[in-house]
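Presented below is the structure to which this report refers.
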Amino acid sequence: MQVSKYLRKWFPLFALPTTLAFILAFVVPFAMGLYLSFTKFTTVTNSQWVGVSNYVQAFSENKDFLNALWFSLRFTVVSAILVNVLAFALALALTRALKGTNVFRAIFFLPNLIGGIVLGYVWQLLINALLGKFFSQDLTYDSAYGFWGLVILVNWQMIGYMMVIYIAGIQNISADVIEAADIDGASFWPKLIHVTIPMVASSVTICVFLTVANCLKLFDQNLALTAGAPQNQTEGLALNIFRTFYLIRNHQGVGQAKAVIFFVFVAVIAFLQLRATRSKELDG
Amino acid sequence: MKERNKAFNVVGFLAMLVLAIIWLVPLALILMNSFKGNLFISQSPFALPNDASYVGTSNYSSGLSKANFFVAVGWSFFITIASVAVIILVTSMAAWYIARVKAWYTSVLYYLLVFSMIVPFQMVMFTMSKVANMTHLDNPFGIIVMYAGFGAGLSVFIFTGFVRSIPIEIEEAAMIDGASAWKVFFRVIFPILRPTAITIAVLNAMWIWNDYLLPTLVLTTGYKTIPMAVQQYMTGSYGRKDMGGFMAMLVVAIIPIIIFYLFGQKYIIKGVAAGAVKG
C-alpha cells in the first residue's frame, strides 16, 4: 500500500487548515504588498498605479531612509561582531570544568526570553538612571547614547542565545581531536585558532547569520529604547518603515516600497548565508 | 599543570560569578524600584528601598489597575496558549501530508512556506492588518489564524524535516491493517513527533507572548496584550507618568516568563538549538 496515494484524498483534513491560514496571513498580504508598492493608496481599495515613483521618493524625498539604512548597517556590524565574540568566549569558559556552569548558562540565557518592548524600557530606565547620575543627561541628549545603548541591550539579549549554540558546537568536537592537539603540545591560542574554531565553523555561520538578520530586523527594542530620538538619528530601517506608513500623511505607498526594498535586502543576505553554509558542508 | 588548572578554574569561576551578577542588574533594578515611591525612583534609582522610600505593594495595585493591565495579561495568556495549540495541531498535520504526498501542490506549498520564513514582517504588516479587518479576524480569536498563517513556515519546516526521518513502513503497516489516515496520524505519527512538538511550542510561545507589532496592527481598539499595554503606558496620556506603577508593570510582565523558564528550561534550551537550524 502506497502512503502517498492513500493520503492524497485527505488534503482537506490535513493540509487545508494550514494552507488557508497561510494564504490569509501571508500569501495575499505579500502579493498585495508587492502590487501596492507601485501604487498610491491610503486603504487597499483606492490604489492608483504610479509605477516606480514610490521607490524614487523613498530615497529622494529626504535623507531619513538612507540615514536609517546607515544606522541599521553600523548597528548590525558592531553588534554582530561583539555578540559573537563574547558569546563564543562565554561558551569556551562554560565548557570547562567550572563549578556552577549550568546556573551561569541559565542566567546568561534568561534575557533572551524577555520581549523587545519590555527589554527596551528596562534598559531605558537603567541607562537614563546612569546618565542622570553621572552626567545629568539622558538618552535623548546624544545619538551616540542611543546607538551604544542599543548595542549593549542587544548584547545582553542575544549573547546567551548564541552561547547556547556555540556550547552545542564545542561539545560536538570529538575528544580525539582535542587529545591529539594536547599530545602535540598545542597551547591555548594555537589550539583555539587551528582546532576549536574550524571545528565549530557551522555554528559560527549560523550565529553570525542569526545576529545579522535579527539586528537588521530589530524593531521593538529600537522603538522602546529611543524611538529614534534625538531627531530620528537613532532610527533603524524597520522603525523608519513603520513611521512612513503610519505617521506621515499619504505615504502608505512609499512605506510599502521601502518595505519591499527591506525585504529584498534581507533576502539577499539570507541567500548568501545559505550559499556559505552549503559550500562549507561540501568542503567538510 | 594540575595546580595551574585548578587556579585557572577558581579565577574563571569568580569571573563568571561577577559577570552573572552584572547580568542580573537590570532586572534587579526594576524589581527594587517597583517598591519605591515615584520621587525616589527618579532621584535615587540605585538606592535600595528604605523606610522613607518603601511604599509596599501600592505601585502594584495602583499602576496595574489604572492601565487595565490585568485584562492585557489575560489576553496575552489566551492568545499565546490558543495560537500555540492551533499551530502545533494544524502544522504537524500539514507537515505529515507534505512529507508523504508526492505532488506538485505539496512542493509548491512547502517552498512557499520556507520562503515566508525570510520575509520580514514589515513587508506584509499593512496588508495583513487590512486582510484581518476585511475578514473580521481582527480580534483575539481571529488573530490565532494570523499567527498560524505567519508562523506556519518555521513550524512546518521543522516538522517536515522530522517526519522525513520516520521510516514510512510504520505507516504502511498501519494502513494495511485498515487504520484510517486520522487514526494513523494521531496513534502513530503524532506520538513520535512529540519531542519536536514541544520544541516548536516553545519557539512559538516565546514569539507570540513577546510580539508587539502584529497584535498592535491586527487587533481592533479595545483589545490589548502585555507588550501593547507596556508601550501604550509610556506613550499614551495617563497624565503624569506614574513610574512606580510602570516598574510594577514591567515586573508583572517578566514574572510569567521566569516561571515558564524555571519549569521548561531543558526544553527551552533544546528548542533554541533546534530553532537555530532555520538559518
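The values are calculated or read from the model by the stated rules, or taken from the named source; none is laboratory data. Treat the numbers as computed from the prediction; the structure is a model and nothing was measured. Cβ: placed from backbone, ideal geometry, glycine included. Neighbour counts: every protein chain shown. Accessible surface is based on the protein model in full, side chains and every heavy atom, while ligands, DNA and RNA are left aside. Shrake-Rupley method; radii C 1.70, N 1.55, O 1.52, S 1.80 Å.
A:Thr226: crowded, with 17+ Cβ neighbours inside 10 Å and at pLDDT below 90, yes or no? The answer is no for A:Thr226. Inside the range B:144-202, residues that are in a loop (DSSP other than H, G, I, E, B) and among the acidic types (Asp, Glu) make up a count of 1. Scanning the range A:222-268 for residues that are under 18 Å from A:Lys63 (Cβ atoms), among the β-branched types (Val, Ile, Thr), in contact with a Phe, Trp or Tyr (Cβ under 9 Å, 6 or more places away or on another chain) and assigned to a loop (DSSP other than H, G, I, E, B) gives a single hit, A:Thr234.
Of all the residues in the range B:34-72, those that are open to solvent by less than 40 Å² (accessible area, probe 1.4 Å), modelled with pLDDT of 90 or more and over 26 Å from the mean Cα position of the chain (by Cα) number 1.
Residue count for the range A:111-126, restricted to those that are in contact (Cβ under 8 Å) with a residue 40 or more places away in the chain, in contact with a Leu (Cβ under 8 Å, 6 or more places away or on another chain) and open to solvent by 20 Å² or more (accessible area, probe 1.4 Å): 2. Checked against (1) more than 10 Å from chain A (Cβ to nearest Cβ); (2) open to solvent by 20 Å² or more (accessible area, probe 1.4 Å), B:Val163 meets all criteria but (2).
Yes or no, residue by residue, for (1) out of contact with any helix residue (DSSP H, G or I) (no Cβ under 7 Å at 6 or more places or on another chain); (2) modelled with pLDDT under 95; (3) within 8 Å of chain B (Cβ to nearest Cβ); (4) under 30 Å from B:Gln43 (Cβ atoms):
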site	(1), (2), (3), (4)
A:Val78	no, no, no, no
A:Leu94	no, yes, yes, no
A:Phe104	no, yes, yes, no
A:Asp138	no, yes, no, yes
A:Trp148	yes, no, no, yes
A:Ile165	no, yes, yes, no
A:Ile170	no, yes, no, no
A:Glu179	yes, yes, no, no
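The residues listed here are B:Thr221, B:Thr216; of these, the one that is surrounded by fewer than 22 Cβ atoms within 10 Å (Cβ to Cβ), out of contact with any Gly (no Cβ under 6 Å at 6 or more places or on another chain) and outside any helix (DSSP H, G or I) is B:Thr221. Close Cβ contacts (under 6 Å, 6 or more residues apart or on different chains) running from residues in the range B:112-125 that are of a type outside the set (D, E, K, R) to residues that are open to solvent by 40 Å² or more (accessible area, probe 1.4 Å) and not in a helix (DSSP H, G or I) comprise B:Pro120/A:Lys217.
In the condition set (1) within 13 Å of chain B (Cβ to nearest Cβ); (2) free of Cβ contacts under 8 Å to residues at least 40 places away in the same chain, A:Ile206 is compliant with all but (2). Residue check: is A:Leu69 of a type in the set (A, V, I, L, M, F, W, C) and under 26 Å from A:Ile269 (Cα atoms)? Yes: the conditions hold for A:Leu69.
Pairs meeting the criteria (first residue in the range B:257-276 and more than 20 Å from B:Leu27 (Cα to Cα) and of a type in the set (Gly, Ala, Ser), second residue at pLDDT below 85 and surrounded by fewer than 16 Cβ atoms within 10 Å (Cβ to Cβ), beta carbons under 8 Å, at least 6 apart or on different chains) are lacking. The set of residues from the range B:136-160 being more than 10 Å from chain A (Cβ to nearest Cβ) and free of Cβ contacts under 8 Å to residues at least 60 places away in the same chain comprises B:His136, B:Phe141. Does A:Ala276 meet the test of being hydrophobic (A, V, I, L, M, F, W, C), open to solvent by less than 10 Å² (accessible area, probe 1.4 Å) and either assigned to a helix (DSSP H, G or I) or in contact (Cβ under 8 Å) with a residue 12 or more places away in the chain (or both)? No; evaluated as a whole, the condition is false for this residue. Among the residues of the range B:170-213, the ones that are facing another protein chain (nearest Cβ under 10 Å), surrounded by 20 or more Cβ atoms within 10 Å (Cβ to Cβ) and over 23 Å from the mean Cα position of the chain (by Cα) come to 5 in all. Number of residues in the range A:40-86 that are β-branched (Val, Ile, Thr) and in contact (Cβ under 8 Å) with a residue 12 or more places away in the chain: the value is 7.
Scanning the range B:73-117 for residues that are away from chain A (no Cβ under 12 Å) and under 22 Å from B:Leu214 (Cβ atoms) yields a total of 10. Can you confirm whether A:Phe41 is within 14 Å of another protein chain (Cβ to nearest Cβ) and open to solvent by less than 50 Å² (accessible area, probe 1.4 Å)? For A:Phe41, the condition - within 14 Å of another protein chain (Cβ to nearest Cβ) and open to solvent by less than 50 Å² (accessible area, probe 1.4 Å) - is met.
Of the helices (runs of 4 or more DSSP H) lying entirely inside the range A:145-218, none contains at least 1 residues that are loosely packed, with under 13 Cβ neighbours inside 10 Å and not assigned by TED's automatic domain parsing to the domain that holds A:Ala276.
For the range B:179-192, the condition of being in contact with a helix residue (DSSP H, G or I) (Cβ under 9 Å, 6 or more places away or on another chain) and either of a type in the set (Gly, Ala, Ser) or under 30 Å from A:Ser47 (Cα atoms) (or both) holds for at least one residue.
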